[in-house]
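Take a look at the structure set out below.
Coordinate-derived values only; no laboratory data. On a predicted model such as this, the values are computed, not experimentally measured, just so you know. Virtual Cβ from ideal backbone geometry, glycine too; neighbours counted across all protein chains shown.
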Amino acid sequence: DEEAPMSNEAPARDIAAEAATALTHLTSAPLTGVWSAPGRVNLIGEHTDYNDGLVLPFAIENRTWCAVSVREDRLVRVYSTFSQETRELSLDGIADAEFDGWSAYVFGVVWALDEQGVDLSGVTGVDLAIASDVPSGAGLSSSAAIECAVATALNELWDLGLDSGQLAKACQRAENVAVGAPTGIMDQTASLRGEQGHAVMLDCENLVSELVPLPLEEEGLTILVMNTHVEHAHATGGYGERRAACERGAEAMGVATLRGLTVSDLPRAQELLDDVTFRRVKHVVTENERVVETAAALRADGPRAIGDLLLASHASMRDDFEISVPELDLAVDTAMAHGAVGARMTGGGFGGSAIAVMPKERLEEASKAVKAAFADAGFTAPSTFTVTPSQGPRRDV
Ligand code: ADP
Ligand code: MG
């Protein structure tokens, strides 16, 4: 991790070729094609998705590739360079199939397509080989990347004609049911609708999204990701508790979800709710507003104008939603002391990564300072790397 590339000029691995080569673990039949989909980083809008709120993620250049060779029978077989193992599933009887381990992310997509009523009775099986440079479990959504790469490949191969919204829903359903992770639809939407140099503002109430310009390169900026490697045991319980507090707050305020409230409702909320519930509600309501303000600032003045909004988002998660940890706070504070335009923790909280919008000329300095500050505090060494707003799914071969 110490040697993680600090710039995007690092020699690029040809991972599309790695995926194509990995197909030889499955078949000697010819390659049909290679598709890929990216991971994502959430710029702002945290714990808003399940409250029907707004999020502003972007697709990153790290991607997962899926090389395909069509079969003549009804088997779907998958090999991943990540686990170096092969799993298989029959398309007949898929509705009753059971899933476990990493292949649930792949087979779950096929299962979800069938569950959504897509007619798979006439399609042929496929051999799929997966290779990726999205780090797994680092908060960059390697899970959405693998789901969306597979879904994009199958959509084209099987001529399903599904749009990005339908594909996102199938991928989310795969993750919720086949994998069993209760996640929102942000990650899959960012992966499927991302564009180079843009973030994706998604309204989780109606799944309408719009692209928002995020011209970092042109402004001499980049986004530094600081992975704390902290994974708190109570992350799952904490997530559930926060969701419950949001539901409690919405019910007490007489709205279906917290999307039904604005900042003008906060004084009434403060009177009605207990202190903890009020602060949970306040985070979500103000975070929705910050997403709107961030998109407006990006459009009007560009990425140097969003620093205060990122900082306010971090403070809200730290003080009101109470999902930060000392490592995340230290990463944010240290980046700010070394030239960051703005910084915040990103993701579900209780650990994971923080991001900082950095002037390129201060990148090395800030990265070193974060590592030194973690060492001084006796924290686990963080890893740091940069990400660039990149394009969504594509066919590479
Ligand atoms: P994140 O999405 O933040 O990377 P998750 O826990 O949601 O973390 O997803 C990581 C899991 O997704 C891995 O443990 C593995 O099961 C699956 N996965 C991701 N990428 C791959 C891959 N290239 N090959 C096989 N499985 C993968
Ligand atoms: Mg994930």
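A compact table of results
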| item | result |
| --- | --- |
| Criterion (β-branched (Val, Ile, Thr) and farther than 30 Å from THR388 by Cβ) met by exactly one of VAL110, VAL78, VAL55 | VAL110 |
| Any chance VAL41 is of a type outside the set (Asp, Glu), within 16 Å of ligand 2 (Cβ to nearest atom) and surrounded by 20 or more Cβ atoms within 10 Å (Cβ to Cβ) | yes |
| Flag if ALA145 is within 11 Å of ligand 2 (Cβ to nearest atom) and part of a helix (DSSP H, G or I) | yes |
| Residue list for the range 151-170, filter: crowded, with 17+ Cβ neighbours inside 10 Å, under 21 Å from PRO182 (Cβ atoms) and either near ligand 1 (Cβ under 10 Å from one of its atoms) or small (Gly, Ala, Ser) (or both) | ALA151, ALA168, ALA170 |
| Residue in the range 309-330 that is farther than 25 Å from VAL292 by Cα and touching a helix residue (DSSP H, G or I) at 6+ places or on another chain (Cβ under 6 Å) present | yes |
| Those residues of the range 171-188 which are within 11 Å of ligand 1 (Cβ to nearest atom), surrounded by fewer than 24 Cβ atoms within 10 Å (Cβ to Cβ) and assigned to a helix (DSSP H, G or I), in sequence order | VAL179 |
| All positions within the range 337-373 that are among the hydroxyl-bearing types (Ser, Thr, Tyr) and within 16 Å of ligand 2 (Cβ to nearest atom) | THR346, SER353 |
| Condition met for ALA250 (out of contact with any Leu (no Cβ under 7 Å at 6 or more places or on another chain) and assigned to a helix (DSSP H, G or I)) | no |
| Unique residue being touching a Phe, Trp or Tyr at 6+ places or on another chain (Cβ under 8 Å) and within 30 Å of GLY307 (Cβ to Cβ) when the list is LEU192, LEU214, LEU207 | LEU214 |
| Selection status of THR380, surrounded by fewer than 24 Cβ atoms within 10 Å (Cβ to Cβ) and under 19 Å from ARG40 (Cβ atoms) | no |
| Selected residue (criterion: surrounded by the most Cβ atoms within 10 Å (Cβ to Cβ)) from residues of the range 355-377 that are charged (D, E, K, R) and over 19 Å from LEU311 (Cβ atoms) | LYS371 |
| Selection status of PRO267, part of a loop (DSSP other than H, G, I, E, B), of a type outside the set (Phe, Trp, Tyr) and exposed (fewer than 14 other Cβ atoms within 10 Å of the Cβ) | no |
| Residue pairs meeting the criteria (Cβ under 8 Å; at least 6 apart or on separate chains; first closer than 15 Å to GLU365 by Cβ, in the range 324-339; second polar (S, T, N, Q)) | ALA331/THR228 |
| Extreme residue, nearest to GLY53 (Cα to Cα), among residues of the range 256-275 that are within 28 Å of the chain's Cα centre (by Cα) and not hydroxyl-bearing (Ser, Thr, Tyr) | ARG259 |
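Yes or no, residue by residue, for (1) touching a helix residue (DSSP H, G or I) at 6+ places or on another chain (Cβ under 9 Å); (2) surrounded by 15 or more Cβ atoms within 10 Å (Cβ to Cβ); (3) over 30 Å from ASP14 (Cβ atoms):
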| site | (1), (2), (3) |
| --- | --- |
| ASP73 | no, no, yes |
| TYR79 | yes, yes, no |
| LEU91 | yes, yes, yes |
| ALA97 | yes, yes, yes |
| ALA112 | yes, yes, yes |
| GLN116 | yes, no, yes |
